[in-house]
Amino acid sequence: MTAEITDRPRQAAHGSPGKIKTAMASAAGTCVENYDFVAYGTAAALYFGKVFFPNTDPVVGTLLAFATLAVGFLMRPIGGAVGGYLGDKYGRKPVLVGALLTMGIATVLIGCLPTYAQVGILAPILLVIIRMIQGLAFGAEWGGAVMMTFEHAPWKQRGRFAAIPQAGNPLGITLANAAFLLSASLQTDWAWRLPFLASAILIVVGLVVRMKLEESPEFEHTKATGAIVKNPLATVVKNDWRNILRVISLRIVESCAYYVTATYLLSYITKNNPDDRAIGLTGIVIASLLAIPVTLAAGALTDRIGRRKLYLGGTIAVIVFGFPMFLLSNTGNPFLIVLAFVIGIGIIHATFTGTQGAWFAELFRTNTRTSGASIGYQVAASISGFAPFLAVLLASAFGWAGGASLYVLVGVIGLLGVLNTRETWGAKEKAEVDAIIAGGPAASAADQPAASSVR
């Protein structure tokens, strides 16, 4: 048994020796996964309606493209359940490697797909199948990456460390949209194929760094003390279903708001003026670059003031910003269009993602942590996958106000979630950690009280 497993005060104070390497490797893989998944959303907004559904009305074609986007989201809860079960039962590391490899292969295959003009109905069928595989892999990815980093971190800095893999999200988004921005000038199918094919380079990098990781010390401790449960998935659903519902409500505001902004708003701007496509993509790239330091700062800030306050501020910002975001976009002014993306993605969305890692992990016990957090996170993601689709429907009936109203609605759902979720890093939890670091009695990872963040 290693020192990291037996010496709980040292682990609490300093984290594992490999904490930084683990955080960076998790972020690298998360970057690749988000590049792959977001590339699909961008392609659906800009190209797939014409490439895979050319015989339909333009609005219907866009709806069908977004429907295939949603198919991947529907598979994410299954991927989250499987990945969470395996992570809690056999370890976090194998899930990280397997999810990244599966996701990468699926993404490269999208870049090789024949179009509707080439093979007819077979083209969208193949697209849907590969999209389902993408959803499974992406569903398994998040829980393993964030929980692994969280459990290697010093207990007083878990917000900061858990935000590092979360910062891989906007980095992947930046690279994906930059790839489409660079390929936009191409007048052939290479405009959408190249970004998918280019992900192969990122996949190799991600796999290399993840293969070198050490297993989570929290998992090893749980395993050594015999606290691994027979069926972590069934256990967490039975005993912690309320926290799963809380994670769903908290995640919906983040994910739905993001896809209304990055996917639907981009499509809306492009439809109104095709020449603004590059402006919209530029706005997303700039916003995503800003989101990297904002995500990291948000995570670090939660270690000082707690997780709940920051998330509360984010939900209020969504409610307030819904209509102004579309008003800025409607001006046609390049600066104001970019500003809409910067506020929506670079500030509001990044605040959510920087807070989620530690807060969601702290709601569950170590022996069911990956399962519980992953299920809630990915169920919400599956719902959020329909956000662009719903925004198109609402906009067809009520104009741009329909999309804005959807954005505000998910903010209200998130606000209710915050008000019904406890603070997991308040004065009591900090005192418990201080006692453990000082050498006081420390319960095992699986026997800590449910309200504690030091499990």
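For the reader, a short list of remarks on this structure follows.
- Accessible surface for the chain, divided over its residues, is 36 Å² per residue with a 1.4 Å probe.
- Subtracting the Cα-Cα distance of residue 416 and residue 129 from their residue separation scaled by 0.36 nm leaves 99.7 nm.
- According to the Cα-based calculation, Rg over Rh for the range 69-175 is 1.08, with Rh computed by the Kirkwood formula.
- Relative contact order (%) - the chain, alpha-carbon pairs under 8 angstrom, separation at least six: 25 percent
- The orientation-averaged projected area of the convex hull spanned by the Cα atoms of the range 205-334 comes to 12.4 nm².
- Note on residue 211: accessible area is roughly 110 Å² with a 1.4 Å probe, heavy atoms of protein only.
- The range 67-101 and the range 296-313 have Cα centres lying 27 Å from one another.
- For the range 338-386, the Rg and Dmax computed from alpha carbons only, in angstrom: 13.6, 44
- In the range 251-312, the alpha-carbon atoms span a convex hull of 72 Å³ per residue.
- Normalised radius of gyration (Cα atoms, divided by 2.2 N^0.38 Å) for the range 10-82: 1.69.
- Distances between every pair of Cα atoms in the range 291-402, grouped in 10 Å steps from 0 to the bin holding the largest one, split as 13, 33, 35, 16, 3, 0 percent.
- Proportion of all alpha-carbon pairs of the range 160-217 beyond 16 Å (%): 59 percent
- Evaluating 6.51 cos²θ - 1.76 cosθ + 1.60 at θ = phi - 60° for every residue in the range 356-370, the Karplus couplings come out as 4, x, 6, 5, 5, 5, 6, 7, 10, 6, 4, 6, 9, 4, 5 Hz, glycine and proline recorded as x.
- Approximating the spin labels as points 7 Å out from Cα along Cα→Cβ, the residue 271-to-residue 230 distance works out to 5.3 nm.
- Percent of alpha-carbon pairs separated by more than 34 Å within the chain: 28 percent
- Phi angles across the range 304-314 convert, under the Karplus curve 6.51 cos²θ - 1.76 cosθ + 1.60 with θ = phi - 60°, into 3J(HN,Hα) values of 9, 10, x, 7, 5, 4, 5, 5, 4, x, x Hz, Gly and Pro given as x.
- As a fraction of the 1.4 Å probe accessible area of the range 97-156, surface on carbon and sulfur atoms comes out at 82 percent.
- Helix-derived mean residue ellipticity, 222 nm - over the chain, DSSP H n ≥ 4, -39500 (n - 2.57), to 500: -25500 deg cm²/dmol
- Three principal axis lengths of the range 1-147 [C-alpha, angstrom, descending]: 65, 24, 23
- Rounded to whole Hz, the Karplus (6.51, -1.76, 1.60) HN-Hα couplings of the range 333-349, x for glycine and proline: 6, x, 4, 6, 5, 4, 4, 4, 5, 4, 5, x, 9, x, 10, 5, 4
- Take every Cα pair under 8 Å whose residues are at least 6 apart in sequence, average their separation, divide by the length of the range 50-184, and the relative contact order is 31 percent.
- Accessible-area composition of the range 194-290, carbon plus sulfur, in percent [1.4 Å probe]: 64 percent
The values are calculated or read from the model by the stated rules, or taken from the named source; none is laboratory data. Since the model is a prediction, treat every value here as computed from it, not as a measurement. Quick reminder, even Gly has a Cβ in these numbers, built from the backbone with ideal geometry, and neighbours come from all protein chains shown. These accessible areas exclude ligands, DNA and RNA; they are computed on the full protein's heavy atoms, side chains included. Shrake-Rupley method; radii C 1.70, N 1.55, O 1.52, S 1.80 Å.
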